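Below is the structure I would like to discuss, written out as structure tokens.
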Amino acid sequence: MPLGDSITGSPGCWRALLWKKLQDNNIKNIDFVGTLPPQGCGFDYDGDNEGHGGLLATDLARESRLERWLGDTKPDIVMMHLGSNDVWSTKKPEEILGALDKLVDQMRASKESMKILIAQVTPLDPAGCTNCMRGIEDFNKVIPNWASSKSNEKSRITVVDCHKDFDVKGMTRDGVHPNGKGDQKLADSWFEPLVKAIKGG
């Protein structure tokens with residue numbers, strides 16, 4: 001299950017490139033799941049997802065939507081790129097982590113052995129947000145320790161660095177959403193951690 005905001009959806013063509021890369025590497029016994037359909041990225045791919053535009057982790061944690069999505073789709077692995085809109089909305093890292101705690105608990109209630117991949121999210125530099133770049137860096141810094149403490153033997157949390165070497169000016173359309181280069185960078189960032197999770201790592 002790809003889970004996130006408009007960076008994951010709308011249309012989130014990094015997911016299409018990731019799916020194609022898996023196919024090209026003969027990793028075909030997979031099913032991307034979600035209640036949202038693909039939006040078209042130039043070729044056919046398994047585009048089911050939970051990439052909801054404007055989504056905040058802090059909002060999602062207060063609601064029951066994730067529980068419904070999990071119940072409807074029953075994933076074994078969740079790929080989560082979430083927190084960008086929280087930073088944009090001036091939420092503090094500890095508040096976002098508190099929300100992620102609840103979301104992970106919901107995932108494990110759905111499947112005790114859920115494998116969770118969480119992104120250190122891409123840079124954020126939209127017009128009018130002078131503190132977004134720093135806010136994203138501060139949020140990303142606290143993710144590894146949180147993931148290590150929240151991980152357990154049955155349900156490992158793996159941190160995926162989607163931030164490193166991601167050029168916000170050259171790889172986004174608007175300081176937020178990936179362009180073609182950004183989509184390829186994200187697909188490459190997710191590939192190895194996802195393959196490891198698929199193969200049982």
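Of the residues in segment 139-153, how many are among the charged types (D, E, K, R) and surrounded by 14 or more Cβ atoms within 10 Å (Cβ to Cβ)?
Initial filter on segment 139-153 (among the charged types (D, E, K, R)): 141, 150, 153.
Among the residues that remain, those that are also surrounded by 14 or more Cβ atoms within 10 Å (Cβ to Cβ) are: 150.
Number of matching residues: 1.
Of the conditions (1) closer than 19 Å to residue 197 by Cβ; (2) aromatic (Phe, Trp, Tyr); (3) surrounded by fewer than 23 Cβ atoms within 10 Å (Cβ to Cβ), residue 14 satisfies every one except a single condition; which number is it?
(3)
Taking only segment 58-85 into account, find how many residues are among the β-branched types (Val, Ile, Thr) and not in a strand (DSSP E or B). Quick ask: steps written out before the conclusion?
Residues of segment 58-85 that are among the β-branched types (Val, Ile, Thr), as a first pass: 58, 73, 77-78.
After this cut, where a residue has to be not in a strand (DSSP E or B) as well, the list is 58, 73.
Total satisfying the criteria: 2.
Among all residue pairs at least 6 apart or on different chains, which show Cβ distances below 7 Å where the first residue, located in segment 100-126, is of a type in the set (Ser, Thr, Tyr) and the second is part of a loop (DSSP other than H, G, I, E, B)?
Partner pairs satisfying both residue conditions: 113/154; 113/155; 122/7; 122/162; 122/163; 122/166.
Right, here's the next one. Quick check on segment 154-177: of everything there that is crowded, with 21+ Cβ neighbours inside 10 Å and in contact with a helix residue (DSSP H, G or I) (Cβ under 6 Å, 6 or more places away or on another chain), which residue is farthest from residue 10 (Cα to Cα)?
157
Another question, then. Just to check your reading of the model, which residue among 84, 64, 6 is among the hydroxyl-bearing types (Ser, Thr, Tyr) and either within 16 Å of residue 187 (Cβ to Cβ) or buried (at least 20 other Cβ atoms within 10 Å of the Cβ) (or both)?
Details: 64 fails: either within 16 Å of residue 187 (Cβ to Cβ) or buried (at least 20 other Cβ atoms within 10 Å of the Cβ) (or both); 6 fails: either within 16 Å of residue 187 (Cβ to Cβ) or buried (at least 20 other Cβ atoms within 10 Å of the Cβ) (or both).
On inspection, the qualifying residue turns out to be 84.
Just so you know, all these numbers are worked out from the coordinates, no wet-lab data involved. These numbers were taken from a predicted model, which means no experiment stands behind them. Note that each Cβ is placed from the backbone with ideal geometry, even for glycine, and that neighbours are counted across all protein chains shown.
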